[in-house]
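K.L.:
Got a structure for you, questions after.
The values are calculated or read from the model by the stated rules, or taken from the named source; none is laboratory data. Just so we're clear, the structure is a prediction, and the values are computed from it rather than from any experiment. Because the Cβ atoms are built from the backbone with ideal geometry, glycine has one as well, and the counts that use them run over all protein chains shown. In case anyone asks, the SASA skips ligands and DNA or RNA and just uses the protein heavy atoms, side chains included. Shrake-Rupley method; radii C 1.70, N 1.55, O 1.52, S 1.80 Å.
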Amino acid sequence: MTLQVGTDAIKVKGYLASYRFLVLRRISQIAALALFIVSPVAGYWLLKGNLTSSELLQAIPLSDPFVFLQTLASGHAPISTLLIGVAIVTGFYWLVGGRVFCSWVCPVNPVTDLAGWCARKLGIRRRFSVSRKLRYWMLALTLILPAITGVVVWELVNPVSLLHRGLIFGMGMGWMLVVAVFLFDLFVLPRGWCGHVCPMGACYRLIGTGSPLKVKASKRDDCYDCMDCYAVCPEPHVIKPALKGKAKGNGPVIQSPDCTNCGRCIDICSVNVFEFGSRFANQMEKQP
Amino acid sequence: MSQGNPKQLGKEGRARRQFFADTARGLCGVGAVGVGLGLIATNASSHAPEMLRPPGALPEDDFLAACLRCGLCVRDCPFDTLKLAQITDPVANGTPYFIAREVPCEMCDDIPCVAACPSGALDQALDNIDDARMGLAVLIDQETCLNFLGLRCDVCYDVCPVQEEAITLERERNVRTGHHARFLPTVHSDHCTGCGKCEQGCVLEEAAIKVVPRSLAKGEIGQHYRLGWEEKAANQGESLIPEQLKMPIRRPEGES
């Protein structure tokens, strides 16, 4: 029998503390949907619209920078509402980490997490591999195609905006695309959609470059190589430079903007190596 | 060949080979996706004519470049007229539309859908709903229109919000009976907003008057045409050319 990921953490910290950020993320993801749906019932609009563009408290415009770039590429001259909305959203995600969108807000994240969970439980091996740089090619494609066709092409099929919009305004047959993403992750490529393909995630990663909120391997000296953090991390390559980079003179902060700040590594570590911190607190530990 | 055998490559060589393989695979995938998306995009700009855009919508090509698909216009429509297209609908996925026969546009004075639009896909310059051009009503089937049959239905005329301007009843002798009049509903494109009240109101099983996109409904006279009666009116009733123009006489040869 294989050892379950997280056994140590649950034994030492208890169940709740081992899933703290996962639970918080699910709450955040549900809220990011529910606030758009519940408002009409309550009679007051906390959030109106959907993730591509919305109105907060019936006054503050919010707009998705990726969709904005697509309309810009297709030749539309934006009005000031859109520019303000994009500035607010871009500023927010730069502050908390660009891919916080991916792990805390995006409705596709639970779908691909479920696919990963199923693959683990069912022992499905996927041997296909492609470069994680693929998403930048996708990002380029989704910005070049509108320039050629004059149509915001990606938004015709984008599973992220389709799922969020569908759950609020009516899905129709749109769920088939979401199932396709699920099956792709389950059978073709582990972490396939979010980690390799999604151009929206790639865009938010670029926004998060240099963002101040980071995960820090503060107590990396305590690491006893259980590998649980690598197993749960959606972008495992980001961990090593910080966790094992002491000899190379790397600071303890996970620098890569691929990191989604999901906090799974913080929870799963039984000796609490990781914590959220500022990217500027990246000094080497004092030598004993 | 030493280079052809992966076992003889160093660790770096294998990594490089893997990198090229992964990149090539990725690029092919992206290329295929690009071709597919391109095909979808070319189809996106032609949509079913009964799906009308909200007031102030930019021309369809510009609209598809500008619309964010956020649904704020749908949310602010007080009559639940607007819907967001789903992926199987014959109109670009996620964009707002309405079907006049089901729920027409009520032409709110404050045009809340336009005010809600964050991107400018619905033109903020539209400040008078009478200037909206969502489509154009066309009395598409004269064979079933009750007024054309000689009855006084008049419903399309009665429900029109721009009455006596967008739709008028033109009186004409009823040749069939010989001693009645027919009142023919006649749409004037200068005033019709395309709200669809007439199409919704039409009492037939299938409406005889329908709102269709203006590009489909309108003809266009060639630039070189001159309407003599209009030019005459502009020229103090005088013709633009002298009345007694001498034209050459052309007859078959041999005749005089």
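K.L.:
Please compute the net charge surrounding residue A:13, taking Lys and Arg as +1 and Asp and Glu as -1 over other residues with Cβ under 11 Å from its Cβ.
P.N.:
Residues near residue A:13 contribute 0 overall.
K.L.:
Helix check for chain A. Which DSSP H runs span at least 15 Å along their own axis by Cα, with a mean Kyte-Doolittle hydropathy no less than 0.5? Write down the numbers at each step before the final one.
P.N.:
Numbers: long enough: A:20-42 (31 Å, 1.47); A:80-96 (24 Å, 1.91); A:108-122 (21 Å, 0.21); A:134-149 (22 Å, 1.49).
Counting only whole DSSP H runs, the qualifying helices are A:20-42, A:80-96, A:134-149.
K.L.:
Please find, in a Gaussian network model of chain B (springs between Cα atoms separated by less than 10 Å), the residue of B:69, B:17, B:176 whose mean-square fluctuation is greatest.
P.N.:
B:17
K.L.:
Output the lone cysteines of chain B: those with no second cysteine's C-beta under 4.7 Å from their C-beta.
P.N.:
B:28, B:67, B:70, B:77, B:108, B:117, B:145, B:153, B:160, B:192, B:202
K.L.:
Which percent of the accessible heavy-atom area of the stretch B:46-132 goes to carbon and sulfur, probe 1.4 angstrom?
P.N.:
The computed percentage sits at 48.
K.L.:
Could you compute how much accessible area chains A and B hide from each other, both sides summed, with a 1.4 Å probe? Nearest 100 Å² is fine. All intermediate terms of the calculation are to be shown ahead of the outcome.
P.N.:
On the way: alone 14600 and 17170 Å², together 28310 Å².
Summing both chains' loss of accessible area gives about 3500 Å².
K.L.:
Additional query: Compute the FRET efficiency between residue A:80 and residue B:61 as 1/(1 + (r/R0)^6), taking r as their Cβ-Cβ distance and R0 = 22 Å, and round to the nearest 0.05.
P.N.:
According to the calculation, E is roughly 0.40.
K.L.:
If I build a Gaussian network model for chain B, linking alpha-carbon pairs within less than 10 angstrom, which residue out of B:223, B:142, B:200 has the largest mean-square fluctuation?
P.N.:
Of the options given, B:223 has the highest mean-square fluctuation.
K.L.:
Can you tell me how much longer the chain between residue A:225 and residue A:44 gets when fully stretched, taken as 0.36 nm per residue apart minus their C-alpha distance, in nm with one decimal?
P.N.:
Between residue A:225 and residue A:44, full extension yields 60.1 nm more.
K.L.:
Inside 10 Å of the C-beta atoms of A:139-145, what's the mean count of C-beta atoms belonging to other chains?
P.N.:
3
K.L.:
What are the ³J(HN,Hα) couplings of the stretch B:205-219, residue after residue, when phi is run through the Karplus curve with 6.51, -1.76, 1.60 and θ = phi - 60°? Round to Hz, x for glycine and proline.
P.N.:
4, 10, 4, 7, 10, 9, 8, 10, x, 4, 4, 7, 8, 9, x
K.L.:
Pick out which of B:213, B:161, B:78 has the largest mean-square fluctuation in a Gaussian network model of chain B, springs linking Cα atoms closer than 10 Å.
P.N.:
B:78
K.L.:
Evaluate the relative contact order of chain A (contact order divided by residue number), counting alpha-carbon pairs under 8 angstrom at least 6 apart; express in whole percent.
P.N.:
For chain A, the relative contact order is 24 percent.
K.L.:
Hey, can you find the accessible area per residue of the protein assembly as shown for me, probe 1.4 Å, expressed in square angstrom?
P.N.:
52
K.L.:
Further question on the same structure: Just to be sure I understand the model, the point goes 7 Å from the Cα along the line to the Cβ. What's the resulting residue B:46 to residue B:126 distance in nm?
P.N.:
2.5
K.L.:
Excluding residues on the same chain fewer than 8 positions from residue A:244, give the aspartates and glutamates whose Cα lies under 18 Å from its Cα.
P.N.:
Partners within reach: A:221, A:222, A:225, A:228, A:235, A:258, A:275, A:285.
K.L.:
Give me a comma-separated list of calculated 3J(HN,Hα) values for the stretch B:169-180, in order, Karplus coefficients 6.51, -1.76, 1.60 applied at θ = phi - 60°, integers in Hz, x for any Gly or Pro.
P.N.:
Calculated HN-Hα couplings, in order: 9, 8, 7, 8, 5, 7, 5, 5, 7, x, 9, 10 Hz.
K.L.:
Another question, then. For a test of the definition: using alpha carbon positions, the gyration tensor, and the 1.5 limit on a/c, classify chain A as rounded, prolate or oblate.
P.N.:
Here chain A falls in the prolate category.
K.L.:
Additional query: Give me a comma-separated list of calculated 3J(HN,Hα) values for the stretch A:190-197, in order, Karplus coefficients 6.51, -1.76, 1.60 applied at θ = phi - 60°, integers in Hz, x for any Gly or Pro.
P.N.:
x, 6, x, 5, 5, x, 10, 9
K.L.:
Could you please report the charge total around residue B:41, scoring K, R as +1 and D, E as -1 over all other residues with beta-carbon less than 14 angstrom from its beta-carbon? Before the final figure, lay out the partial values.
P.N.:
Details: positive: none; negative: A:155, B:60, B:61.
Within the 14 Å Cβ shell, the charges total -3.
K.L.:
Calculate how steeply helix B:11-44 sits against the longest principal axis of the alpha-carbon atoms of chain B, using the helix alpha-carbon long axis, and give the answer as 0 to 90 degrees to the nearest 10.
P.N.:
With both axes taken from Cα atoms, the answer is about 10 degrees.
K.L.:
Given a 1.4 Å probe and every protein chain left where it sits, what share in percent of the accessible area of chain A is carbon and sulfur? Please report the intermediate quantities before stating the final value.
P.N.:
Working: 8880 of 12940 Å².
Carbon-and-sulfur percentage of accessible area, whole number: 69.
K.L.:
Averaged over peptide B:31-44, how many Cβ atoms belonging to another chain are found within 10 Å of each residue's Cβ? Walk me through the numbers on the way to the answer.
P.N.:
Details: counts 2, 0, 8, 9, 0, 2, 10, 6, 0, 6, 11, 3, 2, 7.
The mean count of partner-chain Cβ atoms within 10 Å per residue comes to 5.
K.L.:
Here's a follow-up. Can you compute the helix-only [θ] at 222 nm over chain B? Use -39500 (n - 2.57) per DSSP H run of at least 4 residues, normalise by all residues, nearest 500 deg cm²/dmol. Walk me through the numbers before you get to the answer.
P.N.:
Working: 8 runs with 72 residues, N = 256.
Mean residue ellipticity, 222 nm, calculated: -8000 deg cm²/dmol.
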